[in-house]
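Below is one structure; the comments refer to it alone.
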Amino acid sequence: MPSPGESDELSFEQDIKPLFRTKDRAAMLFRFDLFDHADVAENADAIIGSLLSGRMPCDGSWPEADLEKLQRWIDMGKPA
C-alpha cells in the first residue's frame, strides 16, 4: 500500500525544482541548470546518483523524503 501522497502526480515546477537551492544551481551551472526541467530530466540519473553517494550537495545530505520524491519523479517519467 502506498504511503500518503505516494500515488500523487509530481511535477517539476511544483515538487522537484524547489528541492534545489539557488547555491546548488550556481554550483552546477557549468554542467546543467538545476532550475530547468529539460536539463534535470536529461541528467536525472547522475543527479540522483550524486545525491545518494553524498557527492552532492557538498554541505550535507538531503532528507530521505526528498530523495524518495526525486526518485518517484524519475520513476514517473520525469513529468514537467
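The values are calculated or read from the model by the stated rules, or taken from the named source; none is laboratory data. All values derive from a computational prediction rather than experimental measurement. In this analysis, Cβ positions are derived from the backbone assuming ideal geometry, glycine residues included, and neighbour counts consider all displayed protein chains. In case anyone asks, the SASA skips ligands and DNA or RNA and just uses the protein heavy atoms, side chains included. Shrake-Rupley method; radii C 1.70, N 1.55, O 1.52, S 1.80 Å.
Think of it as helices only: each DSSP H run of n ≥ 4 in the chain is worth -39500 (n - 2.57), and spread over all residues that comes to -12000 deg cm²/dmol at 222 nm.
Approximating the spin labels as points 7 Å out from Cα along Cα→Cβ, the Ala26-to-Ala65 distance works out to 2.8 nm. Can you give me the accessible area per residue for the chain, using a 1.4 Å probe, in Å²? Result: 63 Å² of accessible area for each residue. Angle between the Cα long axis of helix 44-53 and the longest principal axis of the chain, 0 to 90 degrees, nearest 10? Helix 44-53 sits at roughly 80 degrees to that axis.
The magnitude of the dipole of the chain, with charges of +1 and -1 set on the Cβ of Lys/Arg and Asp/Glu and taken from the Cα centre, is near 320 debye.
Tally Lys/Arg at +1 and Asp/Glu at -1 over every other residue whose Cβ is under 13 Å from the Cβ of Trp62; what's the total? So the environment of Trp62 carries a net charge of -2.
In terms of the Cα gyration tensor, with a ≥ b ≥ c the square roots of its eigenvalues, is segment 12-76 rounded because a/c is under 1.5, prolate because a/b exceeds b/c, or oblate? All intermediate terms of the calculation are to be shown ahead of the outcome.
On the way: a/c = 1.37, a/b = 1.04, b/c = 1.32.
Taking the square roots of the gyration eigenvalues as a ≥ b ≥ c, segment 12-76 is rounded.
Other residues with beta-carbon under 12 Å from the beta-carbon of Ile48 carry, at +1 per Lys or Arg and -1 per Asp or Glu, a net charge of 0.
State the percentage of accessible surface on the chain attributable to carbon and sulfur atoms; use a 1.4 Å probe and exclude ligands, DNA and RNA. Numbers along the way, then the final one.
Numbers: 2520 of 5010 Å².
The computed percentage sits at 50.
What range in the chain is the longest one free of GluC sites (Glu not before Pro) that are in a loop by DSSP and have at most 15 other Cβ atoms within 10 angstrom? Kindly include the intermediate steps, with their values, before the conclusion.
Details: sites that count: Glu6, Glu9.
Longest run free of exposed loop sites: 10-80.
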